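In what follows, a single structure is set out as structure tokens and then discussed.
The values are calculated or read from the model by the stated rules, or taken from the named source; none is laboratory data. Computed from a predicted model, the values in this text were never measured in an experiment. With ideal geometry, Cβ positions are generated from the backbone for all residues, glycine too; neighbour counts draw on all protein chains shown. Only protein heavy atoms, including side chains, enter the accessible area calculation; ligands, DNA and RNA are left aside. Shrake-Rupley method; radii C 1.70, N 1.55, O 1.52, S 1.80 Å.
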Amino acid sequence: MGVNSALSRGACTASLIRPIPPLRVQGPARVVAVSGGIGSGKSSVTRVFASMGATTADADAIARQVLEPGQPALKEVAARFGADLIGEDGALDRSGLARRVFAGEGAEERIAALNAITHPAIEQRAWEILNGAPEGSVAVYDIPLLVEGDHAEHFDAVVIVDAPIEERIKRLEGRGVAPEDARARIRAQASSCQRRAVASIWIDNEGSACDLEEVARLVYERWLAPDTPVFD
């Protein structure tokens with residue numbers, strides 16, 4: 001596995017727990033997934049990778065795009081979950097949709113129905129971005145539902161970002177998400193054990209934002225950049 005199988009800054013640590021395969025000979029040199037539970041810090045890691053030259057596709061951003069006014073998926077969502085979720089300006093009440101989908105009994109079925117509407121369009125656009133990355137570069141997909149969608153096998157490396165649940169809830173409160181809604185979303189996602197089963201690199205994000213950014217830079221430089229050695 002190599003001598004540098006662990007990195008740390010402050011209270012944030014990263015571990016290389018599975019081999020990174022050889023570079024691809026065509027298209028992007030490596031296609032990497034970054035995933036983790038809501039509020040874990042995965043988007044911060046993705047932003048650091050982008051600042052270091054990676055081409056990134058953000059599943060959450062694409063999901064917002066496919067539910068913009070006039071998009072076919074928005075009409076399907078309204079038909080399934082209620083036309084009252086669409087405002088006079090044609091925009092989706094995203095908070096209202098989240099409450100209607102994630103909270104209460106039957107949430108699993110509603111989540112599956114929402115995913116069936118949105119995921120095909122999200123995946124199509126994401127892979128257009130990833131496959132269009134420059135020759136020899138790193139392409140990164142920020143994807144929350146990696147495990148839930150059984151997508152891990154499509155990537156050369158999987159970076160999982162994890163954090164304590166209470167800390168994640170606190171971060172989400174800072175974004176305006178009510179604690180009960182945050183807990184409902186966390187319950188609907190894969191567990192840390194399920195994510196670890198597919199991880200190549202595991203980041204424990206228990207430190208500051210600066211700690212996480214520095215660890216992410218080290219992860220990219222030492223384990224993911226095209227000119228780094230392969231660990232086998």
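Dipole of the chain computed with +1 at Lys/Arg Cβ and -1 at Asp/Glu Cβ about the Cα centre; of THR55, SER5, TRP127, farthest Cα towards the positive end is SER5. If you run the Gaussian network model on the chain, springs between alpha carbon atoms under 10 Å, then out of PHE155, PHE81, PHE49 the most flexible one is PHE81. Restricting attention to the chain, close to 35% of DSSP beta bridges with both partner residues there are antiparallel. Counted without the sites themselves, the longest stretch of the chain free of GluC sites (Glu not before Pro) in a DSSP loop having at most 10 other beta carbon atoms within 10 Å is 136-232. Rolling a 1.4 Å probe across the protein heavy atoms gives the chain an accessible surface of 48 Å² per residue.
Once you have the Kirkwood Rh of the stretch 61-132 from its Cα pairs, apply Stokes-Einstein at 10 °C and 1.306 mPa s and quote D in µm²/s. Could the numbers behind the result be given before it?
Working: Rh = 12.8 Å.
D = 124 µm²/s.
Candidate values (i) 0.96; (ii) 1.18; (iii) 1.04 were compared with Cα Rg over 2.2 N^0.38 Å computed on the shown model; the agreeing label is (iii). For the stretch 19-113, the spread of Cα positions along the three principal axes, ordered from largest to smallest, is 49, 30, 22 Å.
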